[in-house]
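Right, one structure below, let's go through it.
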Amino acid sequence: MICIIVLFFVCVNGLDQNVTCPYITPREVDLKELDGKWHIAAVATDLEIEGECATILFNHKSNNTTDVSISWIVNNSVSFYNGSVALTVDDSGGDLLLVTYTDQKSETYSILDVNYEHYAVIFACYNNSDGNSSTYELWELTRMPHVKKMDATKIDQAIANYKLEDTPLLHFNNTEDTCRINSGSLLSPASLILTSTAAITLFRRLY
């Protein structure tokens, strides 16, 4: 049996820096190419992700909508946080990912760099009311469980381009052992979207 822990309310505030948000070079994003499973190699966020195995699944559907499921494993049990993704445009004309989570909280993400077959660097930033500081998140995603040396170099360069190289990151091993759930099988993010829908329906019926 698979043990599922559902987190309905998770704080996604990010990290503080003593400068305003950097200007992000406009980029066109292809949601269809972003589709599929990504391993989280490293992340800086207040999202309560734990353990040594974490993934993101983008599921682009036939009606041109896209679901997203963030999942991670602690002690052979999987937790997840789900939502939907849409493209929006920033002031400079570049594409942004607008993610609306199941608790109706939304975040807007820029892609600092991407190779759809290998890696993606995703960034969110908001200027604070003091006008001199900002709050941000940084995500390093890879298609393979382990980061290839060439991809790591490109990821590091993308982060350095925006002077974010000193960001404290939480790293994930994403090995077969750490990605096993208590049924003995490997984590399958595709099943989590379906499971979470049923769990949310049950939660609403109970409360």
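The values are calculated or read from the model by the stated rules, or taken from the named source; none is laboratory data. In this text the structure is predicted, and so the values were computed from the model without any measurement. With ideal geometry, Cβ positions are generated from the backbone for all residues, glycine too; neighbour counts draw on all protein chains shown. Surface areas here come from the heavy atoms of the whole protein model, side chains and all, with no ligands, DNA or RNA. Shrake-Rupley method; radii C 1.70, N 1.55, O 1.52, S 1.80 Å.
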**Test item: Cα-centred dipole of the stretch 15-191, Lys/Arg +1 and Asp/Glu -1 on Cβ, debye** = 460 debye
**Message:** Can you compute the FRET efficiency between Glu117 and Asn18 using 1/(1 + (r/R0)^6), with r the Cβ-Cβ distance and R0 = 41 Å? Round to the nearest 0.05.
**Reply:** 0.65
**Neighbourhood charge, 14 Å Cβ-Cβ cut-off, centred on Lys148 and excluding it, Lys, Arg +1 and Asp, Glu -1** = -1
**Asked** Rounded to the nearest 0.05, what FRET efficiency is calculated for Lys148 and Thr88 with R0 set to 35 Å and r the Cβ-Cβ distance?
**Response** 0.65
**Message:** Taking a ≥ b ≥ c as the square roots of the Cα gyration tensor eigenvalues, with a/c under 1.5 meaning rounded and otherwise prolate when a/b beats b/c, else oblate, which class fits the stretch 23-78?
**Reply:** oblate
**Item:** Backbone N under 11 Å from the Asn173 label point (7 Å along Cα→Cβ), restricted to the stretch 33-72
**Value:** 52-53
**Asked** Would you list Leu169, Leu138, Leu31 from the most to the least accessible area, probe 1.4 Å?
**Response** Leu169, Leu31, Leu138
**Request:** Let me know the number of lysine pairs in the stretch 1-151 closer than 24 Å at the Cα, not counting same-chain pairs under 8 apart.
**Result:** 8
**Fill in**
Other residues with Cβ under 13 Å from the Cβ of Asn59 give, with Lys and Arg +1 and Asp and Glu -1, a net charge of +1
